[in-house]
Structures are given as C-alpha cells and as structure tokens.
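Working notes, beginning with the structure itself.
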Amino acid sequence: MDVRVVDHPLAAARLTVLRDRDTGDAAFRAALHELSLMLVYEATRELPLRTGTVRTPLTETVGHAVAAPPLIVPVLRAGLGMTEAARTLLPESATGYVGVARDEKTHQPVPYLTSLPDSLDGTPILVLDPMLATGGSLVHVLGLLALRGATDVTVVCVLAAPEGVARLEAEAPSIRLVIGSVDERLNDDAFIVPGLGDAGDRQFGTG
Ligand code: PRP
C-alpha cells in the first residue's frame with residue numbers, strides 16, 4: 001500500500017485547529033475544508049492528463065485537462081466535511097455516497113446507505129473520511145467499491161491510527177492512502193489518541 005503523510009506547514013496549522021478541544025463547530029468545519037483542499041491536492045498529484053492545445057490571447061501552446069475525473073466518495077457523515085474541497089478541485093467529478101456508522105459498543109461498522117454507480121470498472125475513486133480508527137468502516141467501503149470493479153482507489157483521511165493503517169495494508173494492499181497524520185494509538189473506546197475527538201459530532205454539533 002502506498003501511504004503518504006502530507007507534511008506541510010499549512011496542513012499542520014489546520015490540523016492543530018481541528019485537534020483543539022476549544023475549536024467550535026464552525027471553525028472546525030472551516031479548518032477541515034481548508035485541510036481537505038491540501039490533502040486532495042496531494043492525493044491527485046499523479047492523475048493522468050489529456051494533452052491538447054490552448055489558444056492564449058497571443059498564440060497557441062500546449063494545454064492539459066484531467067483525463068478521467070475520479071468519482072468522489074465521502075463516507076457519511078464525517079466525510080461530508082471534505083466533499084466541497086474535493087468538488088472544488090475536481091469540478092468535473094461525480095459524487096457517490098456510502099453511509100456507515102460505527103457501533104459505539106462493538107466498534108463494528110453498521111452500513112445504512114450505498115449510493116454508487118453499478119460499475120466502477122476503469123473509474124478512479126477518491127474516498128473521503130476524516131478518521132481511520134480500527135479501519136472497519138473503510139474496509140466496508142472498499143469492499144463495496146471492489147464489488148463494482150474499482151481497481152484504482154485513493155483514500156484521503158485527516159487522521160489515522162497505526163492499527164487502522166495496518167488493517168488496510170492487510171486487506172486492501174493495492175490502494176493509496178493520503179493522511180494528515182498517523183497518531184499514536186487507539187484507546188479502549190477505539191478512539192484515535194491524541195486525535196481530535198469525533199469528527200462527525202464536531203462538525204454537526206451533535207457531541
Ligand atoms: C467515524 C469516522 C469513520 C469511522 C472510523 O464515523 O468518521 O467513518 O468512525 O472508525 P473505524 O475506522 O473504527 O471504522 P462514525 O461511525 O462516528 O459516524 P459519523 O461520521 O456519522 O460521525
């Protein structure tokens with residue numbers, strides 16, 4: 001698995017705002033959007049281009065366009081806060097949705113929505129979820145994508161626990177993973193430590 005941790009001063013500053021327990025919901029959403037712009041920028045660095053010609057006001061020169069805009073797949077709810085950033089940078093992309101909530105006691109993923117095209121054969125995919133904790137939610141999402149024939153998948157996360165990275169490495173070795181930070185560990189409630197708390201609750205005021 002290709003794992004890339006985005007190491008950039010502006011990303012580190014946004015991540016600190018997200019971690020800060022005193023950051024309110026609106027500021028949390030803004031920092032998540034801004035950090036997601038940076039993560040998606042890095043995650044799309046190797047996107048294939050179509051080459052053509054562009055006419056400037058003075059002359060003609062070589063121009064480029066994204067050859068196959070990836071399907072954006074936010075994982076509900078928390079992935080919604082990364083979606084607008086991806087759609088801004090990839091305006092030609094379509095968006096699919098997967099809803100999965102982690103059971104608070106068992107920590108197992110409980111799926112509740114799948115809205116994806118029937119065939120993803122040949123379609124690059126960009127999965128968005130701020131948190132990779134045990135990896136159960138993303139393994140579920142990656143299974144749905146594989147069932148539809150997806151082979152070119154990039155997962156973008158703000159924070160990961162080493163346990164979640166190891167699980168994806170074991171179960172989905174061919175994906176790319178772009179992360180803001182790999183934190184220390186999971187605690188007994190399967191929360192990432194030091195982490196940022198619950199990315200869904202902190203965006204939507206449901207904590
Ligand atoms: C969180 C988070 C991930 C998942 C990570 O979502 O956004 O989707 O848990 O945990 P895992 O790697 O152990 O599966 P949650 O289930 O809290 O739902 P929400 O996005 O609706 O808040």
Answer yes or no as to whether Thr16 is open to solvent by 20 Å² or more (accessible area, probe 1.4 Å), out of contact with any Asp or Glu (no Cβ under 9 Å at 6 or more places or on another chain), without any contact (Cβ under 8 Å) to a residue 60 or more places away in the chain and assigned to a helix (DSSP H, G or I). yes
So which residues in segment 35-50 are open to solvent by 30 Å² or more (accessible area, probe 1.4 Å), touching a residue at least 24 places away in the same chain (Cβ under 8 Å) and out of contact with any Pro (no Cβ under 8 Å at 6 or more places or on another chain), if there are any at all? Leu37, Met38, Tyr41, Glu42
I'm trying to understand the selection: among the residues of segment 72-104, which are more than 21 Å from Ala133 (Cβ to Cβ) and open to solvent by 10 Å² or more (accessible area, probe 1.4 Å)? Glu84, Arg87, Thr88, Leu89, Leu90, Pro91, Glu92, Ser93, Ala94, Thr95
Inspect segment 99-114 for any residue being of a type outside the set (Gly, Ala, Ser), touching a strand residue (DSSP E or B) at 6+ places or on another chain (Cβ under 9 Å) and under 27 Å from Leu49 (Cα atoms) and give the result as yes or no. no
Out of Leu142, Leu159, Leu177, sole residue that is open to solvent by less than 10 Å² (accessible area, probe 1.4 Å), under 13 Å from the mean Cα position of the chain (by Cα) and under 28 Å from Gly122 (Cβ atoms): Leu177
Considering only strands (runs of 3 or more DSSP E) fully contained in segment 92-207, which possess at least 1 residues that are modelled with pLDDT of 95 or more, closer than 21 Å to Asp7 by Cα and within 14 Å of the ligand (Cβ to nearest atom)? 125-128, 153-160, 176-182
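The values are calculated or read from the model by the stated rules, or taken from the named source; none is laboratory data. Note that the coordinates shown come from a computational prediction; the quantities given were computed from them, not determined experimentally. Cβ atoms come from the backbone with ideal geometry, glycine included; neighbour counts cover every protein chain shown. To get the accessible areas, we keep the full protein, side chains included, count just its heavy atoms, and leave off ligands, DNA and RNA. Shrake-Rupley method; radii C 1.70, N 1.55, O 1.52, S 1.80 Å.
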